[in-house]
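The values are calculated or read from the model by the stated rules, or taken from the named source; none is laboratory data. Given the structure is predicted, the values throughout are model-derived calculations rather than measurements. Neighbour counts run over all protein chains shown; Cβ positions are idealised from the backbone, glycine included.
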């Protein structure tokens with residue numbers, strides 16, 4: 001009962017973000033295959049199709065990070081504004097309240113994930129792919145889900161602290177994630193902040209999943 005109440009509250013606070021992210025998640029796969037109208041296998045056509053799909057694919061991790069950030073911040077905004085009086089007044093331990101908050105956020109995060117999945121299925125069902133190219137709607141959705149969970153979990157933990165600390169840390173992390181994803185998408189050999197970036201974005205770093213090749217269509 002209490003979990004449903006917390007879920008309803010977080011939905012009320014973040015419904016605009018959830019709906020927007022779900023719509024964008026549905027639209028991105030459609031953009032990725034908009035040039036898939038020629039199945040002749042012409043090398044130039046194949047090359048252009050792969051390049052376009054990879055260019056659009058950069059928006060998958062960006063959307064996952066943005067959705068995770070927005071949901072995490074919205075989950076704690078009211079508690080910070082009320083100086084956590086509501087949480088302290090509840091007849092449950094603090095850890096259980098935090099777990100409810102986290103679980104509600106994860107459920108809301110599933111909306112953009114479902115949007116990406118349905119959009120990928122619709123996009124690939126109508127695409128004409130040359131021989132040798134394949135669509136990976138389930139794999140791209142799973143990776144999007146993992147990215148969203150990483151972002152939400154990280155920002156959720158940070159947002160649970162003071163607003164000032166959360167703002168500083170979140171700003172730095174968001175800037176790092178966005179820049180590194182863009183560098184990877186444009187194939188720029190840039191090692192952001194040297195050792196720190198290596199530990200964050202290279203395996204087994206926690207943000208490694210954001211880098212690399214993001215493409216709904218591949219060989």
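Just checking, does segment 189-196 include any residue being surrounded by 17 or more Cβ atoms within 10 Å (Cβ to Cβ) and either modelled with pLDDT under 75 or under 21 Å from residue 62 (Cβ atoms) (or both)? Quick ask: steps written out before the conclusion?
Let us first name the residues in segment 189-196 that are surrounded by 17 or more Cβ atoms within 10 Å (Cβ to Cβ), namely none.
Checking segment 189-196: not a single residue is surrounded by 17 or more Cβ atoms within 10 Å (Cβ to Cβ) and either modelled with pLDDT under 75 or under 21 Å from residue 62 (Cβ atoms) (or both).
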* **Scan of segment 29-59 for residues that are farther than 15 Å from residue 130 by Cβ, modelled with pLDDT under 85 and buried (at least 19 other Cβ atoms within 10 Å of the Cβ), ordered by number** => 32
* Structure fact -> Checked segment 101-144 for anything in a strand (DSSP E or B) and surrounded by 15 or more Cβ atoms within 10 Å (Cβ to Cβ); matches are 135
* **Only listed residue being under 24 Å from residue 215 (Cα atoms) and modelled with pLDDT of 85 or more, chosen from 62, 16** => 62
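Yes/no matrix, rows are residues, columns are (1) without any contact (Cβ under 8 Å) to a residue 24 or more places away in the chain; (2) within 19 Å of residue 214 (Cβ to Cβ); (3) touching a strand residue (DSSP E or B) at 6+ places or on another chain (Cβ under 7 Å):
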| residue | (1), (2), (3) |
| --- | --- |
| 107 | no, no, no |
| 112 | no, yes, no |
| 117 | no, yes, no |
| 122 | no, yes, no |
| 125 | yes, no, no |
| 130 | no, no, no |
| 135 | no, yes, yes |
| 144 | no, yes, no |
| 152 | no, yes, no |
* **Residue within segment 141-158 that is modelled with pLDDT under 95, over 18 Å from residue 61 (Cα atoms) and in contact with a helix residue (DSSP H, G or I) (Cβ under 6 Å, 6 or more places away or on another chain) present** => yes
